[in-house]
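Peer 1: For reference, the structure I am asking about is given below.
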Amino acid sequence: MSLLAPPFIYMLAALLCPLLSSRHRALLLLIVPVLGFISLLSFSYGHHAVFHVLGFELTFMRVDKLSMIFSIIFSIAALLGGIYSWHVRDHIQQIATLVYAGAAIGGVLAGDLISLFLYWEATAVASVFLIWARRSAASYATGMRYLIIQVLSGVLLLAGLLLHYNDTGSIAFDHLGLVSLGTWLIFIGFGIKCAFPLMHNWLQDSYPAATVTGTVILSAFTTKMAVYALARGYAGTEILIYIGAVMTLFPIFFAEIENDLRRVLAYSLNNQLGFMVVGVGIGTEMALNGTAAHAFCHILYKALLFMSVGAVLYRTGTSKASELGGLYKTMPVTMVCCLVGAASISAFPLFSGFVSKSLILDASAKNSYYVVWFALVVASAGVLSHSGIKIPYFTFFAHDSGKRPAEAPVHMRIAMIATAVLCVLIGIFPGALYALLPYDVEYKPYTVSHVLAQMQLLCFALLAFVFLMRKGLHPPEVRGVNLDSDWLYRKLAPGLMPSIVGLVALRVTAMQDAGVKAVSGLIKRISFLARPGGMLAVSWGVNSMVLVVTVMMLIVLLFNLL
Amino acid sequence: MIADQLPALQIVIPMLAAPLCVLIRRSFVCWCIAVLANVLVLATSWAIFKQVQSEGVIRYALGGWAAPTGIEYYIDSMNAIMLLLVSFISCVVVVYAHETVRKSVQTGKHYLFYAAWMLCLTGLLGISITGDAFNVFVFLEISSLSMYMLIAFGSDRRALSASFRYLIMGSIGASFILIGIGFLYAATGALNMVDIASRIPDAQSQRAVLVAFSFLTIGLMIKSAVFPLHGWLANAYQHAPIAVTAFLAGTATKVSLYVLLRFFFSIFGTNYSFGGMLLNVVLLPAAVAGFVLMSLVAIFQSDLRRMLAYSSVAQIGYIIAAFCLASQAGLTAGIVHIINHGIIKTALFMSVGCIIYRVGHAHSDSLDNLFKKMPFTVCAFIFSGLGLIGVPLTAGFISKFSLISASMERGWWMIGVLVLLSSLFAIVYVGRVVEIMLFRKARTDNPQPTGLREAPLLMLVPMYVLLAVSVWVGISGSATLSVASDAAAALLGGYQ
Amino acid sequence: MTDKQTQKTDRDSLTHSQLPPSQLPRMARRFLWADDMGAVERVILGLSILCVVLFLLDFIVHRHTYVPGEGFPGFYAIVGFIAFTLIVLGATQLRRVILRNENYYAPFSVDAEEYPEQGLEKTAHTPDETGVHIDGDASQ
């Protein structure tokens, strides 16, 4: 029975994939999430699928309420993603999707740090194929950057877990807290995947580079797995509150002026993660409920937004706001779904964001984090600006681009409508969602105070939008790239090396010429050493080999005889 | 009755198969003989392995002559592992070799190829089984001479010069080893390893022991291609017939590493080698520089075989680094990596061999979108490549994990960090090739041969057998770990 | 007809077709007011009235508050308006600092390249395909 645990089902299906025709593979992508879901429900709370490996006891199925809600939403996201990517014939993407979704579910079900690490790396490796599958030079480079950062996160997790194991003799994945170097390393490993400020750039860099369907899949899993891991290991860690607050605020500004709508959504994803991280940081039952609920709703509406922008990209070949506009005339279904997603993320009453975000806001207010609370309120207005208004307005309305693409294909429409319906249903009947939350809920989102406050906030923000548009103060959509902290490793570091070398050489005037040439040559051309024919890689002649032998012999004798 | 003579059979079977091949001369029949002999050898080594596991050390006096006079075969769990590894890899690769030999070796000389192969196998097994220091040298020469010959079978003319270089370097290494053994004999008056080990502490001339130690260090470093004495390796791997490369990569360097282990840990003893002689002062920097630099070099290679060759030098660096920890955990990690890397690298070379078989060469430039044409080969490359990187659930992960935890246990953090760094390099060099084979569109200016299709079944099946074993090792990691741990304990414990 | 030509015609129809309302999907026709400035003005007027009502409600309804100052009448309205404005203005200033040419990171960034054609299906809207034409006739 434990061999039929959901993650294993996904992996088995991925193994099966190469044997099937593309139609059957697409079908498999629909069946597997359903099977996985059924299998998930068949497990009772507790530890299952325990294997002894390398002298460790690995728990692959730790089923409790917290892991349950995340695996449920991951299964739903996998299914919706499967419907949305029905047209995809590319087996690499299909296999990657299965492995990726399975690994993410495995990650949230992992009961110990080692199996968590296994799935942690598996998500990294599997997901990069969704980026490479775009098959362009740029997506290859982007994927490499993404992979290196993701693997780095895994490496930190591994280093941390080894240290932690050395300290405590336990690999259990329960509350860890920031108590030792090991737990700090694990924390940073989680933080990278959770896109903490200054570790966030992989997200905005890579999601716009994935395929149309790949981005939808990517948006659901990696970051939310990290949120789950934080909630499991670091609930109530105060620093998270402030990290989260910063995360909600700074991406807003970048989203506001970003032209590529998929990157806008990536920034907005970052901002939404901030809310969840704040919830984890507060760590009370209510706050953790809020985090889980918000992750649940967020996966749906963010997928919905990525789906609608993806559909536009699929039909027009671009997702740049400056190239779009007026599409509502021929893509009304996509537009309406996008509006539902926008309303959900902006947390309009009756939409899903409202019922989950208020939990986190209230938790921060009740625990007297007033400044943080205020930051979240401001961020809520900011969410409206980039995801609520900018995405639908500049894509489907605004100035008419003259593009008249066909409506999204039927399967995309089905996926979008299904997701939209879920968003609205959760918004209207939050009870069903609340029943899934990790702790018992006594919370009523639809009080007069709440609705009034939220409506005031949103309507006046809308009014401000109208005001700014009238005054011509709203920034127009222009083509371009906005710098972010990734500039440090994409431009500065590669560019700085020669100038550092130059500076050093200027100081040391005596050896200026020779120094600069030697050192900058070394740095610039380190590859030449290693290239075929380079010194390190040359096929050595017999005499030079013998020379090396002699030198080594001398060294050995020197050490031994002295 | 036969059970008692297993150690002798281990050597006699391949040794007899070699002249048989020369007598018969029919290509196909010779191949059959080679396969049959190999299967028998594999069965024998499995039986020995089981026997050692259940009954402990086997000591077998060859021809009934007892130890000081005659040659003694001494098999503890370390030897048993090596026997099993060598015979298994040889068995898989010799099956695989059939197609490649037919294609690339001159028609009239197939029987010589198989005969040389059998001799080489004899030598490698002999090194792994014997308990006599001089006998080690003899078998080393048998295996090396036949290996030079095998490399020279390469269809490329550069194979000859590669073989010649290997011959020079190999002979230098072997002479160093011989000199070392000579000095040991002079100092202790014994050739049997157990006797040498027991007499070293009371040897008359400690200086002679010391010189022996130095010569053996360098000789074994050359033989096992430890950086910077790896110069012979890249060319030999690149130009040898592909089956030979796979065989060589999986066994020859590994057996030399075993000899190194045997001399430094069992004969000289851990305290002497790493305490008195500071072996790690020489070996550790070489190992670390090896795995960092050679991984870096591998990134830039356009020929897959050359890339894998440099990666091999890097992996040997890991193994040596693990030995230098000179602890139970470190030795275990090193031995596990000998096993895992032997299997993984052989599988990789086999998949590259399939590519060469069809495409004609293995330049990364002309492998665009190869997955479409040769899905099974590319899959095998990817899976074993993941193992090379050390992705979890592969065999490579087990060894890297144990290496890193062993280095942490010893408190040598930097080793762990550098191992991780060079794993990142491995991601790049494997990832680069995988990207080309999966995603890059075929270019018009560098067309692959028309009618390119999947490699023949006789090549795919052995490759996948090897892959299956590596997957099994990866998933049930504890099996190899416990075996390696036994072997490490046996080595550290010295001779009883 | 080569691939290039079909693509070209697709592109042309993607950008230049001015379809009469009757050729649009029925659903889209419900939103055509978005192009009518008068209607948009009315919507904005509606929004303004709603805002005023919401603001006034603050004086009538007592909101539960946890945070000091939250109970101030129109707190959320003011925060919403000012926060939104400041974010937009702040972002505009930020753009002056960080905006670069699209080719800034090229060729290692997707900003500078078109999405590869083989992953797309750029069909133009055709009234017949959706059956709107017939619907339109029927409704007349």
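The values are calculated or read from the model by the stated rules, or taken from the named source; none is laboratory data. Only a predicted model underlies this, so the values are computations on that prediction, with no experimental measurement involved. Ideal geometry is used to build each Cβ from the backbone, glycine not excepted, and the neighbour counts take in all protein chains shown. Only protein heavy atoms, including side chains, enter the accessible area calculation; ligands, DNA and RNA are left aside. Shrake-Rupley method; radii C 1.70, N 1.55, O 1.52, S 1.80 Å.
Peer 1: Which three semi-axes in whole Å describe the equivalent ellipsoid of region B:190-339, each the square root of 5 times a Cα gyration tensor eigenvalue, listed largest first? Display every interim value, and only then the final one.
Peer 2: Details: eigenvalues 181, 48, 35 Å².
Computed over region B:190-339, the values are 30, 15, 13 Å.
Peer 1: Shifting gears a bit: Please list, in order along region A:75-80, the HN-Hα scalar couplings obtained from phi with the Karplus expression 6.51 cos²θ - 1.76 cosθ + 1.60 (θ = phi - 60°), rounded to whole Hz, x for Gly and Pro.
Peer 2: Taking θ as phi minus 60°, the curve returns 5, 4, 4, 5, 5, 4 Hz for region A:75-80.
Peer 1: Quote the accessible area belonging to A:S485 in square angstrom, nearest 10, computed with a 1.4 Å probe and with ligands, DNA and RNA left uncounted.
Peer 2: Counting only protein heavy atoms, the figure is 30 Å².
Peer 1: Additional query: Say each of A:V448 and B:A289 gets a label point 7 Å from the Cα, pointing the same way as Cα to Cβ; how far apart are those two points in nm?
Peer 2: 8.2 nm
Peer 1: Taking 20 Å as the cut-off for C-alpha to C-alpha distance, list the pairs among B:K103/B:K372; B:K373/C:K122; B:K50/B:K223; A:K224/A:K357 that go past it. Intermediate results must be reported in sequence, preceding the final value.
Peer 2: Details: B:K103/B:K372 24 Å; B:K373/C:K122 29 Å; B:K50/B:K223 29 Å; A:K224/A:K357 16 Å.
With Cα atoms farther than 20 Å apart: B:K103/B:K372; B:K373/C:K122; B:K50/B:K223.
Peer 1: Could you tell me which residue out of A:L98, A:T183, A:N166 lies farthest along the dipole of region A:36-183 toward its positive end? Charges go on the beta carbon: Lys and Arg +1, Asp and Glu -1, centred on the Cα centre.
Peer 2: Projecting each Cα onto the dipole axis, the largest value belongs to A:L98.
Peer 1: Chains B and A: buried accessible surface, both sides, probe 1.4 Å, rounded to 100 Å²? Write out the running numbers ahead of the final one.
Peer 2: Values: alone 18030 and 23780 Å², together 37250 Å².
The B and A chains share an interface burying roughly 4600 Å².
Peer 1: Spelling out what I want: for every residue of region A:119-133, take phi, set θ = phi - 60°, compute 6.51 cos²θ - 1.76 cosθ + 1.60 (Karplus), and round to whole Hz; glycine and proline get x.
Peer 2: Taking θ as phi minus 60°, the curve returns 6, 4, 6, 4, 4, 4, 5, 5, 6, 5, 5, 5, 7, 4, 5 Hz for region A:119-133.
Peer 1: Find the Cα radius of gyration of chain B, compare it with 2.2 N^0.38 Å by division, and give the number to two decimals. Don't jump to the answer; show the numbers that get you there.
Peer 2: Details: Rg = 21.5 Å, N = 496, 2.2 N^0.38 = 23.3 Å.
Here the Cα radius of gyration is 0.92 times the empirical estimate.
Peer 1: Extension gain A:Y242-A:M469, at 0.36 nm per residue separation less the Cα-Cα distance, in nm?
Peer 2: Difference between extended and current length: 78.4 nm.
Peer 1: Hand me the chymotrypsin sites (Phe, Trp or Tyr not before Pro) from region A:130-226 located in a DSSP loop with no more than 10 other Cβ atoms within 10 Å, in residue order please. Intermediate results must be reported in sequence, preceding the final value.
Peer 2: Details: sites: A:W132, A:Y140, A:Y146, A:Y165, A:F173, A:W184, A:F187, A:F190, A:W202, A:F221; in loops: A:F173.
Qualifying residues, ordered by number: none.
Peer 1: Inverting the mean 1/r over all pairs of different Cα atoms, compute the Kirkwood radius of region A:227-368 and quote it in Å.
Peer 2: Working: mean 1/r = 0.0636 Å⁻¹.
By the Kirkwood definition, the hydrodynamic radius is 15.7 Å.
Peer 1: Now for a separate question. What number, rounded to the nearest 500 deg cm²/dmol, is the helix-based mean residue ellipticity at 222 nm of chain B, given -39500 (n - 2.57) per DSSP H run of at least four residues and division by all its residues?
Peer 2: Calculated mean residue ellipticity at 222 nm is -25000 deg cm²/dmol.
Peer 1: Report the net charge of residues surrounding B:D195, where surrounding means a beta-carbon distance below 10 angstrom and charges are Lys +1, Arg +1, Asp -1, Glu -1. Intermediate values should be presented prior to the final figure.
Peer 2: On the way: positive: B:R199; negative: B:E72, B:D132.
Taking every Cβ under 10 Å from that of B:D195, the sum is -1.
Peer 1: Can you tell me the Rg and Dmax of region C:21-61, counting just the alpha carbons, in angstroms?
Peer 2: 15.6, 49
Peer 1: Over the Cα atoms of region A:127-183, how large are the radius of gyration and the largest Cα-Cα distance (Dmax), in Å?
Peer 2: 16.3, 47
Peer 1: Any cysteines in chain B with zero other Cys Cβ atoms under 4.7 Å from their Cβ? List them, or say none.
Peer 2: Unpaired cysteines in chain B: B:C32, B:C91, B:C120, B:C324, B:C354, B:C379.
Peer 1: Give me the net charge for the shell around B:Y60: Cβ to Cβ below 10 angstrom, other residues only, Lys and Arg +1, Asp and Glu -1.
Peer 2: -1
Peer 1: Another question about this same structure. Taking the square root of 5 times each eigenvalue of the Cα gyration tensor, what semi-axes in Å does the equivalent ellipsoid of the protein assembly as shown have, largest first? Can you show the working numbers first?
Peer 2: Values: eigenvalues 797, 202, 151 Å².
Equivalent ellipsoid of the protein assembly as shown: 63, 32, 28 Å, largest first.
Peer 1: Now for a different question. About the Cα centre, and with charges only on the beta carbon of Lys, Arg (+1) and Asp, Glu (-1), how big is the dipole of region B:1-127? Nearest 20 debye, please.
Peer 2: That gives a dipole near 600 debye.
Peer 1: What shape does region A:235-472 take by its C-alpha gyration tensor, where a ≥ b ≥ c are the square roots of the eigenvalues and a/c under 1.5 counts as rounded, a/b above b/c as prolate, and the rest as oblate?
Peer 2: It is prolate, given that a/c is not under 1.5 and a/b is the larger ratio.
Peer 1: Considering the Cα trace of region C:74-116, what is its radius of gyration and what is Dmax, both in angstroms?
Peer 2: Values for region C:74-116 (Cα only, Rg and Dmax): 17.0, 50 Å.
Peer 1: Can I ask one more? For every other residue with a beta carbon closer than 14 angstrom to the beta carbon of B:L304, add +1 if it is Lys or Arg and -1 if Asp or Glu, then tell me the sum. Walk me through the intermediate numbers first.
Peer 2: Values: positive: B:R305, B:R306, B:K345, B:R358, B:R432; negative: B:D303, B:D365, B:D368, B:E435.
With Lys, Arg at +1 and Asp, Glu at -1, the net is +1.
Peer 1: Hey, another quick one. Whats the longest run of chain B with zero trypsin sites (Lys or Arg not before Pro) that are DSSP loop and have at most 12 other Cβ atoms within 10 Å?
Peer 2: For trypsin sites (Lys or Arg not before Pro) (loop position, at most 12 other Cβ atoms within 10 Å), the longest site-free span of chain B is B:158-440.
Peer 1: So, one more: Considering amide H positions built from the backbone, and no H for Pro or chain starts, which residues 5 or more places from A:V50, or on another chain, come under 5 Å of its amide H?
Peer 2: So A:V50 has HN proximity to A:F60.
Peer 1: How about region B:387-495: which GluC sites (Glu not before Pro) there are in a DSSP loop, with at most 15 other Cβ atoms within 10 Å of their Cβ?
Peer 2: B:E454
Peer 1: Quick one, what does Rg over Rh come out to for chain A if you take C-alpha atoms and the Kirkwood Rh?
Peer 2: The Rg/Rh ratio comes out at 1.03.
Peer 1: Continuing with the same structure: Show me the chymotrypsin sites (Phe, Trp or Tyr not before Pro) within region A:1-91 that DSSP assigns to loop and that have at most 11 other Cβ atoms within 10 Å of their Cβ.
Peer 2: A:Y45
Peer 1: Compute the Rg to Rh ratio over region B:278-496 from the alpha carbon atoms, using the Kirkwood formula for Rh, and round to two decimal places. Provide the component values of the computation, followed by the final result.
Peer 2: Values: Rg = 18.2 Å, Rh = 17.8 Å.
Rg/Rh for region B:278-496 comes to 1.02.
Peer 1: As a test of the formula, what do you get for chain A when each DSSP H run with n ≥ 4 contributes -39,500 (n - 2.57) and the sum is divided by the residue count, at 222 nm and rounded to the nearest 500 deg cm²/dmol?
Peer 2: Per the formula, -23500 deg cm²/dmol.
Peer 1: Given charges of +1 on the Cβ of Lys and Arg and -1 on the Cβ of Asp and Glu, with all other atoms neutral, how large is the dipole of region B:84-202 about its Cα centre, in debye to the nearest 20?
Peer 2: I would put it at about 580 debye.
Peer 1: Can you give me the long-range amide H partners of A:F173? Hydrogens built in the peptide plane at 1.01 Å from N, cutoff under 5 Å, separation of 5 or more residues or another chain.
Peer 2: Close amide H contacts, sequence-distant or interchain: A:D112, A:L113.
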